[in-house]
Amino acid sequence: MKPKYDIRNELRLYRVKAGDMTQQELADRVGATRQTIMSIEKGRYNPSVGLALRIAKVLGATIEELFQLEEEKGDRNG
Amino acid sequence: MARFLARFGWRPTRTTFVAGALIALGVVLTGVSWGFFFLVGLGMLGPGLLRELGWLKDQDEFQRQAARRAGYHAFLATGLLAFALMALLRTGEHGIKEPEPVVSLLLVVLWFTWVLSSLLAYWGPRRTARTILVTFGIFWLIFSAADSLHSLPMLFMQSLVAVPFFALAYVAGRWTRIAGVLLIASAAFFFYYFGLYEIFGSAPLAIGRGEVIVLFIGPLVASGVALLSGRGGNDDPGEREQGPSQ
C-alpha cells in the first residue's frame, strides 16, 4: 500500500517571527484574502506554488520551511 | 452597510452588492412582469460568467477553487434530479401537469447546492450550520411578526417557534455531534409534520412541495450531516483574528 501524506505548515510560527504579522496583513501583502490565509493555516487549503512562493518571500522563509510533507498516522506500512 | 455586515464576519464585495441588488430588483419586478425574472438569473450567474471570461478579477485562488467545486456539486445534484424527473415524467403516471414546478425545482436545487457547497468550503460546517440556523430563526421571527402584529401575546407565542433554531445554533457552536443529531431529527420531524412525505404520492410537486423540501429540510439535513462528518474542527472562527501561536 502506498504511503499517504498530509501537508503540514508553519505559517503561524513564521508570522510570529515576522513581527506578529496578522493574517490580514499577510493576506494583503500576498494578494489573497484573510480567509485564504486562515484556511491554509488550518490545513483546509493547499496553496498554489505561486501563492506559496509569495508567502515564503513575505515571511522571509523557504517553501520547505513553511510546508512539509508528513506521512499520515496509522498508514506507515508503505 | 459593509461595516455592519463585517461585524458578522461577512465582507461582501462590490460585485456581491451589485448581484444582490439585481436579484432583489428582479424579484420585486416580477410583480410587474415575470419577464424581469431574468434579472435574478443575471444576478446569480452573471458574476461567475464574467469571471470565467476573465473580465472580473475579484477573487483569489481559494475563492475560485471553492466556487468551481460548488459549481461541480450543483451540476451533479441538478443533473441527478433532471434524470430522475425525466424518468418520472416518461413513466406516464406522475401527476405533474405543468412544466413550471419542474423548472422551478431544478433552479432551487441548483441554487441551494451551489450556496451550501460554497459556504461549507469557505466557512466550514460549524459556522455554516450556525449561520443557517440563525437565518432560519430570523425568518421565523419576521414571519411571525408579520402574521400577528395585531396581538402582543400572540406575537410572543408565535415568536417562540424561532427559539429552537437559535438554541440549535448555540449547540452547533459547542457540541457539533449533538447538534448534528438534533438537526437531522428536526428535519425528520418537520418532514413528517408538514406532510412533505406526499412528495412520494400522486401529485409530487403540488403546492411547491419540492421547493419546500429543498429550502427547508435541505439546510437542516445538510448542516446535520456536515457536523456529524467530523469536519467541524477546521472551522472559520468568524471575525476573530487568529493570533499567531508558538
**Item:** Net length gained if the chain between residue B:143 and residue B:161 were fully extended (0.36 nm per residue, minus Cα distance)
**Value:** 5.4 nm
**Request:** Assuming R0 = 22 Å, can you tell me the calculated FRET efficiency for the pair residue B:104 and residue B:72, based on Cβ-Cβ distance, to the nearest 0.05?
**Result:** 0.45
**Fill in**
Rounded to the nearest 500, the 222 nm mean residue ellipticity computed for chain B from DSSP H runs (n ≥ 4, each -39500 (n - 2.57)) alone is -22500 deg cm²/dmol
**Asked** What do the square roots of 5 times the Cα gyration tensor eigenvalues come to for the range A:31-76, in whole Å, largest first, as semi-axes of the equivalent ellipsoid?
**Response** 22, 14, 8
**Request:** For the range B:139-204, divide the Cα radius of gyration by the Kirkwood radius and give the resulting Rg/Rh value with two decimals.
**Result:** 1.10
**Request:** Rounding to the nearest 20 debye, state how big the charge dipole of the protein assembly as shown is about its Cα centre with +1 on each Lys and Arg Cβ and -1 on each Asp and Glu Cβ.
**Result:** 540
**Message:** Checking the a/c ratio against 1.5 first, then a/b against b/c, what shape does the Cα gyration tensor give for the range B:79-162?
**Reply:** oblate
**Normalised contact order of chain B, rounded percent, pairs of Cα under 8 Å and 6 or more residues apart** = 21
**Item:** Principal axis box of the range B:68-212, alpha-carbon based, largest edge first, Å
**Value:** 50, 39, 24
**Item:** Area of residue B:100 that stays accessible when all protein chains are in place (1.4 Å probe, Å², to 10)
**Value:** 120
**Fill in**
Only helices counted: for chain A, with every DSSP H run of 4 or more residues adding -39500 (n - 2.57) and the sum spread over all residues, [θ] at 222 nm is -12500 deg cm²/dmol
**Prompt:** How many nm separate the modelled label positions at residue A:10 and residue A:49, each set 7 Å beyond the Cα in the direction of the Cβ?
**Reply:** 2.2
**Message:** Give me the net charge for the shell around residue B:209: Cβ to Cβ below 15 angstrom, other residues only, Lys and Arg +1, Asp and Glu -1.
**Reply:** -3
**Prompt:** Quick one: what do you get for the range B:5-119 if you divide its Cα Rg by 2.2 N^0.38 Å?
**Reply:** 1.25
**Prompt:** What longest range of chain B stays clear of loop-exposed chymotrypsin sites (Phe, Trp or Tyr not before Pro) (DSSP non-H/G/I/E/B, at most 12 other C-beta within 10 angstrom)?
**Reply:** B:56-246
**Request:** Might you work out the accessible area of residue B:225 for me, using a 1.4 Å probe with all protein chains in place, and round it to the nearest 10 Å²?
**Result:** 80
**Asked** Using 1/(1 + (r/R0)^6) with R0 = 22 angstrom and r between the beta carbons of residue B:115 and residue B:206, what's the FRET efficiency to the nearest 0.05?
**Response** 0.30
**the range B:34-160, relative contact order in percent, only Cα pairs under 8 angstrom and at least six apart counted** = 23
**Prompt:** Mind checking the dipole of chain B: about its Cα centre, +1 per Lys or Arg Cβ, -1 per Asp or Glu Cβ, Debye to the nearest 20?
**Reply:** 620
**Prompt:** Out of every Cα pair in the protein assembly as shown, what percent are spaced more than 24 Å from each other?
**Reply:** 65
**Asked** Is any helix in chain B, taking whole DSSP H runs, at least 24 angstrom long along its axis by alpha carbon and on average at least -0.5 on the Kyte-Doolittle scale, and which ones?
**Response** B:61-90, B:100-123, B:125-147, B:176-193
**Request:** Would you mind checking the tilt of helix A:49-59 against the longest principal axis of the Cα atoms of chain A, expressed as 0 to 90 degrees and rounded to 10?
**Result:** 60
**Request:** Quick one, can you get me the convex hull of the C-alpha atoms of chain A expressed as volume per residue in Å³?
**Result:** 89
**Item:** Pairwise burial B:A, computed as accessible area of each alone minus the pair, summed, 1.4 Å, Å²
**Value:** 1900
**Message:** Given a Förster distance of 30 Å, report the FRET efficiency between residue B:216 and residue B:53 from their Cβ-Cβ distance, rounded to the nearest 0.05.
**Reply:** 0.25
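The values are calculated or read from the model by the stated rules, or taken from the named source; none is laboratory data. Everything numeric here is computed off the predicted structure, so don't read it as measured data. Note that each Cβ is placed from the backbone with ideal geometry, even for glycine, and that neighbours are counted across all protein chains shown. Accessible surface areas use protein heavy atoms only, side chains included; no ligands, DNA or RNA. Shrake-Rupley method; radii C 1.70, N 1.55, O 1.52, S 1.80 Å.
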